[in-house]
1. Could we say that E133 is closer than 30 Å to R87 by Cα, open to solvent by 20 Å² or more (accessible area, probe 1.4 Å) and of a type in the set (D, E) here?
2. Which one of these does P75 not meet: (1) assigned to a loop (DSSP other than H, G, I, E, B); (2) farther than 28 Å from L153 by Cβ?
3. Scan (1) in contact (Cβ under 8 Å) with a residue 40 or more places away in the chain; (2) touching a Pro at 6+ places or on another chain (Cβ under 7 Å); (3) assigned to a loop (DSSP other than H, G, I, E, B) for the single condition G113 breaks and write down its number.
4. For the condition open to solvent by 10 Å² or more (accessible area, probe 1.4 Å) and either within 17 Å of L25 (Cβ to Cβ) or more than 14 Å from the chain's Cα centre (by Cα) (or both), what is the one hit in R101, R142?
5. Return a yes/no flag: does the stretch 69-79 have any residue that is of a type in the set (V, I, T) and open to solvent by 60 Å² or more (accessible area, probe 1.4 Å).
6. Would you point out the residue of the stretch 147-202, among those that are β-branched (V, I, T) and within 24 Å of P102 (Cβ to Cβ), that is most open to solvent (accessible area, probe 1.4 Å)?
7. Sort out which residues of the stretch 1-25 are loosely packed, with under 14 Cβ neighbours inside 10 Å, at pLDDT below 85 and either basic (K, R) or outside any loop (DSSP other than H, G, I, E, B) (or both), and write them in order of number.
Amino acid sequence: MAAVFSELDFNTTDLGGGTLSFPSLSDFTPAAARVFVNALNRGTEVPVWGGLSQAPQLYLGGRLPGGLAIRGSSPSLSPELATELARYRGLLSIASLQELRPESAAALSFYRGPYLDLSGPAIDNLSVESAAELAILPGELRMPLRVLNSVPLAEKLARQRSRVFEELEVVADEVLPRMVSYNGFFTLRRLADLRSPELAKRLLQDTPDPEFR
């Protein structure tokens, strides 16, 4: 069944070759993933995006293109499955993650596509060890984090331009200085306790309206 996707039509108007979405996929073996990834890794290198021109955007779990969250499920991300998915060269989104062990996070760090989007309960409670492994990822990493307690991950996210801090509720003290260098539009709408004057100044740079302050 996975090999059938080698015959999937693609279009040249979207980034990659279109979009594939599996919001309720719960059983995905490493062997099937290997065949599936080989079938969809196709086309020529697109240096601007870092992917392949005919590899579609791939969404696993309860998140659809555009970031819309829906009720869904995703397969258990074993280190073996993560290794196969990390070989994908299109946009990759894995939502509804229930668990992300450090070994699986380390396998995902080898992903070389345009961006990796992760969400779910495992990301809400991301361990320090898994966060450090994901920080090695060279490409764009998008996660709706609620808790940020990893210095390496904070340093990586601060170098990105995508909005990654909007859902934060708790930030460890040692992480606060690393967030100041973030060069994107800065919002901390859910943060309960802001104890860093430097971070407060950085936040106000993107809040020009005195009434809003």
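The values are calculated or read from the model by the stated rules, or taken from the named source; none is laboratory data. Just so it is clear, the structure is predicted and the values come from calculations on it, not from any experiment. Every residue, glycine among them, receives a Cβ derived from its backbone with ideal geometry; neighbour counts consider all protein chains shown. Heavy atoms of the whole protein, side chains included, go into the accessibility calculation; ligands, DNA and RNA do not. Shrake-Rupley method; radii C 1.70, N 1.55, O 1.52, S 1.80 Å.
1. Values: closer than 30 Å to R87 by Cα: yes; open to solvent by 20 Å² or more (accessible area, probe 1.4 Å): yes; of a type in the set (D, E): yes.
Criteria met by E133.
2. (2) is the only condition that P75 fails.
3. Against the list (1) in contact (Cβ under 8 Å) with a residue 40 or more places away in the chain; (2) touching a Pro at 6+ places or on another chain (Cβ under 7 Å); (3) assigned to a loop (DSSP other than H, G, I, E, B), G113 comes up short only on (2).
4. Values: R142 fails: either within 17 Å of L25 (Cβ to Cβ) or more than 14 Å from the chain's Cα centre (by Cα) (or both).
Being open to solvent by 10 Å² or more (accessible area, probe 1.4 Å) and either within 17 Å of L25 (Cβ to Cβ) or more than 14 Å from the chain's Cα centre (by Cα) (or both) holds for just one of R101, R142, which is R101.
5. Just the residues of the stretch 69-79 that are of a type in the set (V, I, T), to begin with: 70.
This time we only want the ones that are open to solvent by 60 Å² or more (accessible area, probe 1.4 Å), so: 70.
Taking every residue of the stretch 69-79 in turn, at least one turns out to be of a type in the set (V, I, T) and open to solvent by 60 Å² or more (accessible area, probe 1.4 Å).
6. As a first pass, look at the stretch 147-202 and keep what is β-branched (V, I, T): 147, 151, 164, 170-171, 175, 180, 187.
If we keep only those that are within 24 Å of P102 (Cβ to Cβ) too, we end up with 147, 151, 164, 170-171, 175.
Values: V147: 55, V151: 34, V164: 6, V170: 80, V171: 10, V175: 0 Å².
Looking at residues that are β-branched (V, I, T) and within 24 Å of P102 (Cβ to Cβ), I get V170.
7. S6, E7
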